[in-house]
Amino acid sequence: MSRLRHDGPLIIGGGLAGLSAALEAGPRPVLVVTPAPLLQACSSAWAQGGVAAALSAKDAPDLHASDTAAAGAGLVDLAAARALTGDGRQTVEWLAGLGAPFDRDDDGGFAVSLEAAHSRARVARVGGDGAGRAILSALVASVRAAPHVTVWENGRLRGLLQDDTGRVRGAVIERDGRLTEVLATAVVLATGGAGGLFARTTTPGALLGEGMALAYRAGAEILDPEFVQFHPTAIDVGLDPMPLATEALRGEGARLIDAEGRFLLGEDADADLKPRDVVARAVHAARLDGRGAYLDARTAVGGAFPHEFPAVFAACMRAGLDPRETPIPVAPGAHYHMGGIAAGLDGRTSLHGLFAVGECAATGVHGANRLASNSLLEAAAFGRRTGRSVAAETGGQGQARAGEGRPDLAPEALTALRVMMSDSVGVVRDAAGLARAMVLIERLEQEARGALPVLAARLITGAALERRESRGGHYRSDYPQTDTAPRHTRLRREPEPPTPDTMAAE
């Protein structure tokens, strides 16, 4: 295994969070490692809704923070939420300055849309439903032009390097089948979420929670891993991953109906704009009952589909479905992981030298249920904060332990795990289903020791089994009540002590 010394931060992940951190860390030299070419296989590029921020005269950061806290079901850190929403306008303007082509109103201001659980229209969009790719494209162009940033594409994170104090000193990276130990002043995990652990998901299949699993193995604190958000309107046309029908469609008046045309959540005009966990369970129940679930946008959008929501329109047409004429079949799909590596607003984790930002991090702003379109805001706003923070890191002086790679899970084993996670650790959970999932996880742990997706699945499933209540994205049919006093799940593994043969001189 070769070893490389990089005199600056090492950022793992090429999505919105990682690239925002990379840009803001300048002029310090930054090395970005991403498992796929930029713009591919990251959730940021797939985001349809936009960036939530208080941008209109009728809105304010405090209102946005209040909505964020309400959606988070008692587990939102209000100070963190206020910091996030306070950064809203500045973050959108920064992205626009980089070239993100946000939709504009007649006066040249940011056009904003209403999404579920927001009390105001505040979601800045691009081309109706193309925000994620357009914003990330602007950042990619800026990163490629930045002299302080080097990008290693097609590089996989295989391990973290630590010294004898536990401080993170770098990472093991695999490129072209070869392992390299990269020593750095700090490591930033921007590895995305865990949606790929589920058979029914709207996220890239490569996102398997591996960053969270590695951080846990190294001894970092993991916060609330049981909280997974399931988007209620994943398009159910047999594709993996499932295309997404953006929530903005319901903001424009599209309605959820069953096969007989009856409203799933009631006749009120705003009935379908409840928090995502409520809507997802209604869609799940209708499908379980055999009534089916469909998103009817024929009247609300109709002929405007091709130019108002081109991504959704194209996905439907590829599946042989014209949403101007036919309701869209939908099902809940794993969409966002609220839990993850416990991190501060500047990305600092409980381990010196290790930072986390974006979906793999749990900063307290999402609590038990993320407010729609807060994810892109968090990725960019806290990505910038993290970049400034890691730029000041100088690194440690101790010897770094020799790194080691982790085995991949065999395709058939990963398929079995994904099906079990969707069936038993999905929208509605109970003790029997969670126990079945744990049995499979324990078997896979024996068959593929050290496989990171299995550890990530254990963290999510084990915490779900221990949380005997229903709150936000975590719903237990055997414990449907919500406890009076909200509590966090905090998990931490003691790191393995170093031995002489695991030390390597720098």
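No lab work stands behind these numbers, since they all come straight from the coordinates. Because the structure is predicted, anything quoted here is derived from the model rather than measured. Here Cβ is always computed from backbone atoms with ideal geometry, including for glycine, and neighbour counts include all displayed protein chains.
In the chain, helical runs assigned H by DSSP with n ≥ 4 each contribute -39500 (n - 2.57); averaged across all residues and rounded to the nearest 500, the mean residue ellipticity at 222 nm is -9500 deg cm²/dmol.
Compared with the alpha-carbon gap, the fully stretched path from residue 399 to residue 103 is longer by 101.4 nm at 0.36 nm per residue.
Run the numbers for residue 485 and residue 56: contour at 0.36 nm per residue of separation, minus the present Cα-Cα distance, in nm.
Fully extending the segment from residue 485 to residue 56 adds 150.9 nm.
With a cut-off of 12 Å between beta carbons, the residues surrounding residue 360 carry a summed charge of -3, where Lys and Arg count +1 and Asp and Glu -1.
Projecting label points 7 angstrom from Cα along Cα→Cβ for residue 430 and residue 352 puts them 5.0 nm apart.
Taking each residue as 0.36 nm, the span from residue 144 to residue 300 lengthens on full extension beyond its C-alpha to C-alpha distance by 52.1 nm.
Estimated from the Cβ-Cβ distance and a Förster radius of 22 angstrom, the FRET efficiency linking residue 415 and residue 259 is about 0.15. Computed over the chain, relative contact order equals 23 percent, with contacts defined as Cα pairs under 8 Å that lie 6+ residues apart. Between residue 392 and residue 408, the modelled labels are 4.1 nm apart [label points 7 Å from Cα along Cα→Cβ]. Distance from the Cα centroid of the range 124-203 to that of the range 1-76 is 10 Å (rounded to whole angstrom). What FRET efficiency, computed as 1/(1 + (r/R0)^6) with R0 = 35 Å and r the Cβ-Cβ distance, is obtained for residue 307 and residue 93, rounded to the nearest 0.05? Working from the Cβ atoms, E equals 0.85. 3J(HN,Hα) along the range 27-43: x, 4, x, 10, 10, 9, 10, 10, x, 9, x, 3, 6, 10, 6, 9, 5 Hz, from the Karplus curve 6.51 cos²θ - 1.76 cosθ + 1.60 with θ = phi - 60°, whole Hz, x for Gly and Pro. Between residue 154 and residue 466, the simple spin-label model (points 7 angstrom out along Cα→Cβ) gives 4.1 nm.
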